[in-house]
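Below is one structure; the comments refer to it alone.
The values are calculated or read from the model by the stated rules, or taken from the named source; none is laboratory data. Just so you know, these numbers come straight off a predicted model, no measurement behind them. Neighbour counts are summed over all protein chains in view; Cβ atoms, including those assigned to glycine, are modelled from backbone coordinates with ideal geometry.
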Number of protein chains: 2
Amino acid sequence: MTDRLDVVAIGNALVDVLSHESPEFLAAHQLTPGAMELIDTERAELLYAAMGPAVEISGGSAANTLVGVTSFGGSAAFIGRVADDELGAVFGHDIRAAGVEFLAKPAVDGEPSGRCLIMVTPDAQRTMNTYLGASAQLGPADVDTDLVARAQVLYLEGYLWDEPEAKEAYRLAARRAHDAGNRVAFTLSDSFCVDRHRHEFLDLVASEVDVLFANEAEITALFEVDDFDDALQRVQHHCEIAALTRSERGAVIVARDEVHVVDATRVGDVVDTTGAGDQFAAGFLFGLTHGYDLGTAAHLGALAAGEVISHLGARPATSLAALAGPLLDR
Amino acid sequence: MTDRLDVVAIGNALVDVLSHESPEFLAAHQLTPGAMELIDTERAELLYAAMGPAVEISGGSAANTLVGVTSFGGSAAFIGRVADDELGAVFGHDIRAAGVEFLAKPAVDGEPSGRCLIMVTPDAQRTMNTYLGASAQLGPADVDTDLVARAQVLYLEGYLWDEPEAKEAYRLAARRAHDAGNRVAFTLSDSFCVDRHRHEFLDLVASEVDVLFANEAEITALFEVDDFDDALQRVQHHCEIAALTRSERGAVIVARDEVHVVDATRVGDVVDTTGAGDQFAAGFLFGLTHGYDLGTAAHLGALAAGEVISHLGARPATSLAALAGPLLDR
């Protein structure tokens, strides 16, 4: 079938606004280092006014993952919501230019397009402040179920759980994916997000999610345990595949009886950790949808994560297919 | 006087939209490598749709120079025109966040804010396509003459000569600056720009300009000579100070009986030459307005140019004052 896709994702359509700031800046504005916080218009204006000169680069967690998938040579489509404004046009241009199918028409009324104010500190850590805008108004009507049916994997980000309508969109899409015999992948997104939605996330992981992505903070938050190994034990009985990332300690893939441990891959100096998890998911999903074993898929994830943290922005700056080279030859 | 400024500039208020493209891309779209071309809405839409994923960074030649001046620790103000839209807000935020005074209110009707579509090729060369938009509608009413009077140097970019109203704005500002006993500095901007306005530029340089900035292509185009040395002979009798840049061959400063030759300064690998001339002007103007000799001013210019070509974008990514360090100690 020519129009079969590797991955379709539903996520927030955001443009990242990145500046370099000091730890003192974070403290002065009551920002939790490394966290993602949802902000309203007033707070967005206040923080933006306080930020230093910035760079705008398209972002959005699931959207970043799809761009990584196409950079490896895979096929992908995005479902998300932008307004008919300049940032919406920027988002649409960039994701399409990366080869991701994105057909949704910009919304002509309602909130402006979403943006994420990201402060990068000298330790390369990013602190994110998301004004969802038009993205928060995503609902079941935005879900193209035919598109969902076409993809081997439906990828969903936990971030959108903050909006009831978006949740309905997710549920609809997940049903359609399973009906079509496809897999559902889910990322826990952020430990604070997990805290807000723990019970629902536990249900989801147990009942609907085939492939779970989480970092150490997120997976321990989900099971309310202190220790990564405890979380690992718990997750093994909860879903088909769990891909757990541990920053510079690499990643652990758990799948029923298999456990794969992979090291982090260093591509260059660490400049900005924004998008590390998104790109790990990209490499892993590319591997999974192209018949690679779980260990190789995890290596591809680690490579993509290593690349993206070597520069500003959450999307690859080079061809991941070229970077992966021999890893892709079988 | 506490409100005395080092430099005030009038220029195009633009946001740069940068992508990496191949030489074949330039050829396919009839683009002249390294040139700046003015484009209309239709061409802007066509080129943007064809470009790869991009990054948005505030630009505008004279605006970039002012940000360089403040990065050295100088004081600066900008006169330019943006619309009341998201790119206008981005431009305003970034220049103010860099410490440049920019008080103009965004225009509520007319064209959208200007942008410059920049293709960076693997040789680090940039090819620019400017949609001026709101910026082209700058006129004498936009010139705050009190602000002009406050600055030691009024800096004008040749680019705006393409618009009759902007030219009037420039003439008004230049008169005010000279009446107040200040210097007028001018950059030829681009050799194609020089071709369009040669006679007027020759008049300007002979009659109004105290400090002239030009690169090799621009100064030879101005005097219609093939040889840089011939151009140098000619310019020596035309204005007080001429700062002539020659890419990797450094710069030559000509001032009546003085000639200073400075080498290019290498700060890192050459990634993107966008802004090299703008930042040379920044360092030179900072030096000039802070009592440094012409040779040191040229060294500061070479340093700022070396920094800006080591990364994507036309504004400094680090403190130029810190980078200059010992050069600033006398």
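Would you say A:F25 is of a type in the set (F, W, Y), surrounded by fewer than 22 Cβ atoms within 10 Å (Cβ to Cβ), touching a residue at least 12 places away in the same chain (Cβ under 8 Å) and in contact with a strand residue (DSSP E or B) (Cβ under 9 Å, 6 or more places away or on another chain)?
So A:F25 passes the test.
Looking at B:F284 and the list (1) within 21 Å of B:L14 (Cβ to Cβ); (2) at pLDDT 95 or above, which single condition is not satisfied?
If we test B:F284 against (1) within 21 Å of B:L14 (Cβ to Cβ); (2) at pLDDT 95 or above, just (1) comes out false.
So, of the residues in region B:119-134 that are in contact with a Ser or Thr (Cβ under 6 Å, 6 or more places away or on another chain) and part of a strand (DSSP E or B), which turns out to be nearest to the other protein chains (Cβ to nearest Cβ)?
Among residues in region B:119-134 that are in contact with a Ser or Thr (Cβ under 6 Å, 6 or more places away or on another chain) and part of a strand (DSSP E or B), the one nearest to the other protein chains (Cβ to nearest Cβ) is B:M119.
Report yes if some residue within region A:92-99 is modelled with pLDDT under 95 and closer than 25 Å to A:V8 by Cα; otherwise report no.
no
Suppose we filter region B:71-97 for residues that are among the hydrophobic types (A, V, I, L, M, F, W, C) and more than 9 Å from chain A (Cβ to nearest Cβ); how many remain?
Count: 8.
Within region B:38-47, take every residue that is more than 11 Å from chain A (Cβ to nearest Cβ) and surrounded by fewer than 16 Cβ atoms within 10 Å (Cβ to Cβ) and give me the one that is farthest from A:G99 (Cα to Cα).
Here the residue is B:D40.
Mind checking which pairs have a first residue in region B:48-70 that is at the interface with chain A (Cβ under 7 Å from one of its Cβ atoms) and a second that is surrounded by fewer than 24 Cβ atoms within 10 Å (Cβ to Cβ) and among the hydroxyl-bearing types (S, T, Y), Cβ under 9 Å, 6 or more apart or different chains?
B:M51/B:S19; B:G52/B:S19; B:P53/B:S19; B:A54/B:S19; B:A54/B:Y48; B:V55/B:S19
Hey, among the residues in region A:11-22 that are out of contact with any helix residue (DSSP H, G or I) (no Cβ under 6 Å at 6 or more places or on another chain) and in a loop (DSSP other than H, G, I, E, B), which one's surrounded by the fewest Cβ atoms within 10 Å (Cβ to Cβ)?
Residue satisfying both the conditions and the ranking: A:S22.
Of the numbered conditions (1) surrounded by fewer than 24 Cβ atoms within 10 Å (Cβ to Cβ); (2) within 12 Å of chain A (Cβ to nearest Cβ); (3) of a type outside the set (F, W, Y), B:S113 satisfies every one except a single condition; which is it?
(1)
If you scan region B:50-85, which residues turn out to be in a strand (DSSP E or B) and in contact with a Leu (Cβ under 9 Å, 6 or more places away or on another chain)?
Scanning region B:50-85 gives B:V55, B:E56, B:I57, B:S58, B:A76, B:A77, B:F78, B:I79.
Which ones in region A:159-213 are assigned to a loop (DSSP other than H, G, I, E, B) and crowded, with 23+ Cβ neighbours inside 10 Å?
If the condition is that a residue be assigned to a loop (DSSP other than H, G, I, E, B) and crowded, with 23+ Cβ neighbours inside 10 Å, then A:L188, A:S189, A:D190, A:V209 are the ones that fit.
Looking at B:L312, B:L328, can you tell me which residue is at pLDDT below 95 and within 21 Å of B:L5 (Cβ to Cβ)?
Among B:L312, B:L328, only B:L328 is at pLDDT below 95 and within 21 Å of B:L5 (Cβ to Cβ).
I'd like the full set of residues that are surrounded by 17 or more Cβ atoms within 10 Å (Cβ to Cβ), modelled with pLDDT of 95 or more and part of a helix (DSSP H, G or I), limited to region B:143-158.
The answer is B:L147, B:V148, B:A149, B:R150.
Give me the pairs: first residue in region A:135-147 and among the aliphatic types (A, V, I, L, M), second residue crowded, with 18+ Cβ neighbours inside 10 Å and in a loop (DSSP other than H, G, I, E, B), beta-carbon distance under 6 Å, and six or more apart or on different chains, which are they?
Every condition considered, the pairs that remain are A:A136/A:E163; A:L138/A:R81.
Quick check on this structure: which one of B:L300, B:L288, B:L323 is surrounded by fewer than 24 Cβ atoms within 10 Å (Cβ to Cβ) and either over 20 Å from B:F91 (Cα atoms) or in contact with a strand residue (DSSP E or B) (Cβ under 7 Å, 6 or more places away or on another chain) (or both)?
Of the residues listed, the single one that is surrounded by fewer than 24 Cβ atoms within 10 Å (Cβ to Cβ) and either over 20 Å from B:F91 (Cα atoms) or in contact with a strand residue (DSSP E or B) (Cβ under 7 Å, 6 or more places away or on another chain) (or both) is B:L323.
Please go through region B:265-285 and give me each residue that is among the hydroxyl-bearing types (S, T, Y), surrounded by fewer than 24 Cβ atoms within 10 Å (Cβ to Cβ) and farther than 19 Å from B:P326 by Cβ, ordered by number.
Result: B:T273, single match.
Is at least one residue of region B:313-327 within 19 Å of B:V67 (Cα to Cα) and β-branched (V, I, T)?
yes
Within region A:243-255, work out how many residues are under 15 Å from the mean Cα position of the chain (by Cα) and of a type in the set (A, V, I, L, M).
Of the residues in region A:243-255, 2 are under 15 Å from the mean Cα position of the chain (by Cα) and of a type in the set (A, V, I, L, M).
Let me confirm something: among A:V90, A:V8, which residue is in a strand (DSSP E or B) and either under 30 Å from B:A314 (Cβ atoms) or in contact (Cβ under 8 Å) with a residue 24 or more places away in the chain (or both)?
A:V8
Being touching a Lys or Arg at 6+ places or on another chain (Cβ under 9 Å), farther than 30 Å from A:T127 by Cβ and of a type outside the set (S, T, N, Q) is the filter here; which residues of region A:278-330 pass it?
Matches in region A:278-330: A:L288, A:G291, A:Y292.
Is it the case that region B:289-301 has a residue that's within 17 Å of B:F213 (Cα to Cα), within 14 Å of chain A (Cβ to nearest Cβ) and in contact with a helix residue (DSSP H, G or I) (Cβ under 8 Å, 6 or more places away or on another chain)?
Looking for residues that are within 17 Å of B:F213 (Cα to Cα), within 14 Å of chain A (Cβ to nearest Cβ) and in contact with a helix residue (DSSP H, G or I) (Cβ under 8 Å, 6 or more places away or on another chain), one finds none in region B:289-301, hence no.
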